[in-house]
1. So, in the stretch 190-210, how many residues would count as being farther than 22 Å from residue 361 by Cβ and crowded, with 22+ Cβ neighbours inside 10 Å?
2. In this structure, is residue 240 exposed (fewer than 14 other Cβ atoms within 10 Å of the Cβ), more than 36 Å from the chain's Cα centre (by Cα) and more than 23 Å from residue 88 (Cα to Cα)?
3. Would you point out which residue out of 463, 500, 431 is part of a strand (DSSP E or B) and modelled with pLDDT of 90 or more?
4. Residue 622: more than 24 Å from residue 412 (Cβ to Cβ) and over 28 Å from the mean Cα position of the chain (by Cα), yes or no?
5. Out of all the residues in the stretch 646-692, which are assigned to a strand (DSSP E or B) and at pLDDT 85 or above?
6. Looking for something outside any helix (DSSP H, G or I), out of contact with any helix residue (DSSP H, G or I) (no Cβ under 9 Å at 6 or more places or on another chain) and buried (at least 18 other Cβ atoms within 10 Å of the Cβ) - is there at least one such residue anywhere in the stretch 537-548?
7. So, of the residues in the stretch 713-745 that are free of Cβ contacts under 8 Å to residues at least 40 places away in the same chain and touching a helix residue (DSSP H, G or I) at 6+ places or on another chain (Cβ under 6 Å), which turns out to be surrounded by the fewest Cβ atoms within 10 Å (Cβ to Cβ)?
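The values are calculated or read from the model by the stated rules, or taken from the named source; none is laboratory data. In this text, all values refer to a predicted model and were calculated from it rather than measured experimentally. Cβ coordinates were reconstructed from backbone atoms using ideal geometry, including for glycine residues, and neighbour counts include every protein chain displayed.
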């Protein structure tokens, strides 16, 4: 099984202790024999660069082409300069050999073991990766570990073997083409040199800290760690320790007190007493631990240097590591993802250890974010590797939603626009709703031929909010693919009533009921009823719908709706009439900005809600097309002073957007003002619906609130107060990394609003 690690170093001391204790609890219920493999390799950006090349070739806008090119160049440079990725695997086997069992029973037992591991490791903050095609995952993992080759090589090999023998066996697929064992210092597998070090049984530092294996794991490219634990029978071990202690005590009588043997025997007796006491009193289990270090390179001279550097690193940790001379073939087989370990290597490297000490090794401690495809975010401030996230990877991430927060000047707008532009680069339909400072988004939108729509006084852009728009579900209904039981009109009217509660906030329940009936009548006048068939005429979907103007005329003489009639004056013939006219804009562009900033604070929630409704319809128009919805200062309508019904609608979008291949991004300046110190249920719901959270620089008081709200460590809380502009704490589930959010020169030129940059641009 594959496991996603955590950033252990950014955890507080108490958190680290808790993680180690929880890992120890898992070891108590884990199989007797487990092997943990940490594979390290240079960051693979081939797929990323190939994707960017495809986007470049398909792109027609020259400014967007320039951004794609610079983006790929930056990532390629970073990946060439010490950027690494690691994968963590845990191996266990079926252990019940007392009776004959069926394959189904074995599979059920292993699945149960996996489920137990999943639950216990989750308490450590770890996430197990569940692959959609487990067979493919196992085949690819076995091939890459065995051959140290790209998985694409397997595809070529599979084609060759199947063509020659349709009954090809798995070993034929996995077996290396060439294995050279003639050199005592290494084994050559295909075109890769392998050398192995093992930590001797007496070569471990007697005093280690939490996650003491991490320094070895983070050693660099081509360094992999194979960590094996074998639990021993408690009764046999206690009996053996008792017997050995008695023998050592009897030998003490015959040893001169001045000799070194006396100290050795005395130490052995103390160790035996300690082990027996811990096993009896604290219910500690007894393990034999083996640590194997695999070092690989494409060049034998480079391999030699890596081996020397690794020995030096081990020495600096007070660890004794020996080369597996003449045993590299055996070490190679022992490093494979099976429970096999060569008996000779086992005897040379095994070290007795108790549960607590075994848990302290905690190998899942090195965390980086470098997916093979996705969006480039910035640079890992710890290891300088590129941070590339495939937000839409459902195997790794719960959802694609992001929350962003930081003080004014922390770089929030720059980050949001950079994310939006990179979504557009990768053909993800992007929508931005800007209730404030919309002018900052105009330059980028115009430069990439985006769609900039202004819903504000004097704007020629109109949208009929009473229009029922096509969605994937509606298209399916028309085609007879599926029958919708729920009425489309009913859903639309429910949405409109929420909008009216924002546009006319003092409506009574009685007035709302009268308004409901009036809206139904208005649609009926256009032939639209609760029967979904009424939405389709002889030529397809209707082009005409009632408008707010039509509705106002219809209720003008209704004594029960005079309050609504007066309120609609503002939206029909007043300064905010953009939403009452026939639609003259569309949102089929790949990059859409909806500017609602030039409206009064009273009208802003209604405009925000209308914009979100438009975007939701667009997101639902195709279930195959990826969509990103970016909302700056969304808390204008979902915070503690917002409208209840509108807030529920927005929360629903964030919770369900994943089902429509979508992503929601919510940004705000701070937490306290918008969330009412954690008491606002809708704000909390939005945050909880975001798997990804970005915290830019905040003030000290705000950091304290965030520490409590996001369960940050003291170290993390301190970090977010000392960040520079454009830097942030990037939280992915329970994991956090410090990121320097980078933009290319082309992106910067389109995004910047600094007066100096604007003046320089004019001079040019």
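1. Looking only at the stretch 190-210, we keep the residues that are farther than 22 Å from residue 361 by Cβ, and these are 190-195.
Still in the running and crowded, with 22+ Cβ neighbours inside 10 Å: 193-195.
Summing the residues that are farther than 22 Å from residue 361 by Cβ and crowded, with 22+ Cβ neighbours inside 10 Å in the stretch 190-210 gives 3.
2. On the way: exposed (fewer than 14 other Cβ atoms within 10 Å of the Cβ): no; more than 36 Å from the chain's Cα centre (by Cα): yes; more than 23 Å from residue 88 (Cα to Cα): yes.
The answer is no for residue 240.
3. Every option except 431 fails the conditions.
4. no
5. If the condition is that a residue be assigned to a strand (DSSP E or B) and at pLDDT 85 or above, then 662, 663, 664, 665, 666, 667, 692 are the ones that fit.
6. Looking only at the stretch 537-548, we keep the residues that are outside any helix (DSSP H, G or I), and these are 537-547.
This time we only want the ones that are out of contact with any helix residue (DSSP H, G or I) (no Cβ under 9 Å at 6 or more places or on another chain), so: 537-539, 543-544.
Then keep just the ones that are buried (at least 18 other Cβ atoms within 10 Å of the Cβ); that gives none.
No, the stretch 537-548 contains no residue that is outside any helix (DSSP H, G or I), out of contact with any helix residue (DSSP H, G or I) (no Cβ under 9 Å at 6 or more places or on another chain) and buried (at least 18 other Cβ atoms within 10 Å of the Cβ).
7. Restricting to residues being free of Cβ contacts under 8 Å to residues at least 40 places away in the same chain and touching a helix residue (DSSP H, G or I) at 6+ places or on another chain (Cβ under 6 Å), the top hit is 721.
Here is a yes/no grid of residues against (1) modelled with pLDDT of 80 or more; (2) surrounded by 12 or more Cβ atoms within 10 Å (Cβ to Cβ); (3) not assigned by TED's automatic domain parsing to the domain that holds residue 35:
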site	(1), (2), (3)
212	yes, yes, no
218	yes, yes, no
227	yes, yes, no
250	no, no, yes
276	no, yes, yes
289	yes, yes, no
302	yes, yes, no
